[in-house]
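Below: the structure, in structure tokens.
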Amino acid sequence: MNSRIPTRVSRLYEVMDLMLDSVGDPLALSGLAASASYSSYHFDRIFRELTGFSAVEYQRKRRLRRAAHQLRHEPDVPIGRIAQDCGFPSNAAFAKAFKQQFAMSAKAWREGGWRAYMDQQVGRESDVSFFVAEPSNVEAILAPYCAPEPGSIAARIAVRQLPAVTLRYQRFFGQSGAALSIACNGFICEREKSGEVPPGAPWYGVFDEDPGFTGEREYCYDFGFDAGHGLDAGDANLGLRVLPAGTYACLDFHGEWPRFRSMYEDWLERQAQAVWRFDSARPHIQRVERGPDGQWRGWLALPIKKR
């Protein structure tokens, strides 16, 4: 029997997941606080301590990043429809908020401004996928992004139907690049040392938004293990979420650290646009494990849907 009782942190994780799932719906602070068993005042204070943002600001930024992603990947959907789907009460409110966040209009963003924003304002962090490299070997993370030979990544992409996975995870805020890699490696070592997760079990990294549009301070990244591979009692401080089943573009790797950016640019936007588009309702997923040779292997999975 699982005696796991949610802690303050894991309750806040659940509220944050509700906010993500309801990105297009109005959510009152009082209702969010009640779902976490707090008063509005204490909820907002604790939420800010955990994330660095108030709950209202955090939800606004997530709505804007969801809109930015849709503007990039769904060029045939009207801007007004995207604004509505992302929870903005009017086109004017959306236009003002979008320009404040990204320093350009939604139209300019859709016409290619997203690339300049990604390269100039987010910079190298936009190239980072999800790594768990050893602390003594972070060269792959620190190296600048180099575009692959045209077609080389596309040739390795396989479209698969992935099953749902129940994930027990640690949520990391405001970390990316080498800092995030080292934190994830530490998490693996800690769980394996405690015996909670057996050596050789797979690990999952999850990012619900486009890393290229999210600055380091706003990073929210989940890293954990299949709940079926851990002890039943588990750690009450860890969150619990289901990674959704569905269609994903998958890139297998072994002894290397490929990046989601190359999957976007070499496959989705060049080879697959006529058939596939990105599905912003599901997360990016990385699965990693140590192979018999001691090297990391696994896959990156980009959520996609039919046009």
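Every number in this text was worked out from the coordinates using simple rules, so none of it is lab data. The shown structure was predicted, so the numbers you read here are calculated from the model rather than taken from an experiment. FYI the Cβ positions are ideal-geometry reconstructions off the backbone, even for glycines, and counts take in every protein chain you see.
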Using only DSSP helix segments of four residues or longer, with each worth -39500 (n - 2.57), what per-residue ellipticity at 222 nm results for the chain after dividing by its residue count and rounding to 500?
-9500 deg cm²/dmol
Considering just Cα atoms, how many Å³ per residue does the convex hull of the stretch 1-125 enclose?
142 Å³
Once R0 is set to 35 Å, what does the formula 1/(1 + (r/R0)^6) return for the Cβ-Cβ distance between ASP21 and VAL77, expressed as a FRET efficiency to the nearest 0.05?
0.95
Of GLY112, HIS284, VAL159, which is farthest towards the positive pole of the chain's charge dipole, taken about the Cα centre with +1 and -1 on the beta-carbons of Lys, Arg and Asp, Glu respectively?
GLY112
Give me TYR58, TYR169, TYR41 sorted ascending by neighbouring Cβ count inside 10 Å, so fewest comes first.
TYR41, TYR58, TYR169
If one computes the Cα centroid of the stretch 246-291 and of the stretch 40-87, what distance in Å separates the two points?
23 Å
Extending each Cα 7 Å along its Cβ direction at GLU49 and CYS189, get the distance between those two points in nm, one decimal.
2.8 nm
Cross-link partners of LYS61 among aspartates and glutamates (Cα-Cα below 12 Å; sequence separation of 8 or more within a chain)
GLU209, GLU218
I need the phi-derived Karplus couplings for the stretch 90-99: 6.51 cos²θ - 1.76 cosθ + 1.60, θ = phi - 60°, integer Hz, Gly and Pro marked x.
7, 4, 5, 5, 5, 4, 5, 5, 5, 5
Calculate one ³J(HN,Hα) per residue across the stretch 161-167 by plugging θ = phi - 60° into the Karplus curve 6.51 cos²θ - 1.76 cosθ + 1.60, and present them in order as whole Hz with x for glycine and proline.
9, 9, x, 5, 10, 8, 10
Ranked VAL23, VAL242, VAL9, VAL197, criterion: other C-beta atoms within 10 Å, fewest first:
VAL242, VAL9, VAL23, VAL197
Please compute, for the alpha-carbon atoms of the chain, the extent along each of the three principal axes and give them in descending order in Å.
54, 54, 33
With only Lys, Arg, Asp and Glu charged, each at its Cβ (+1 for the first two, -1 for the last two), find how big the charge dipole of the chain is about the Cα centre; round to the nearest 20 debye.
880 debye
Karplus ³J(HN,Hα) for the stretch 235-252 (6.51 cos²θ - 1.76 cosθ + 1.60, θ = phi - 60°; Hz, whole; x = Gly/Pro) runs 9, 5, 7, 7, x, 9, 9, 9, 7, x, 5, x, 8, 9, 8, 10, 10, 6
Order of PHE260, PHE253 from fewest to most other C-beta atoms within 10 Å?
PHE253, PHE260
The long-range amide H neighbours of ASP279, using H built 1.01 Å from N in the peptide plane and a cut-off of under 5 Å, are ILE304, LYS305
Rounded to whole angstroms and listed largest first, the alpha-carbon spread of the stretch 125-306 along its three principal axes comes to 47, 36, 34
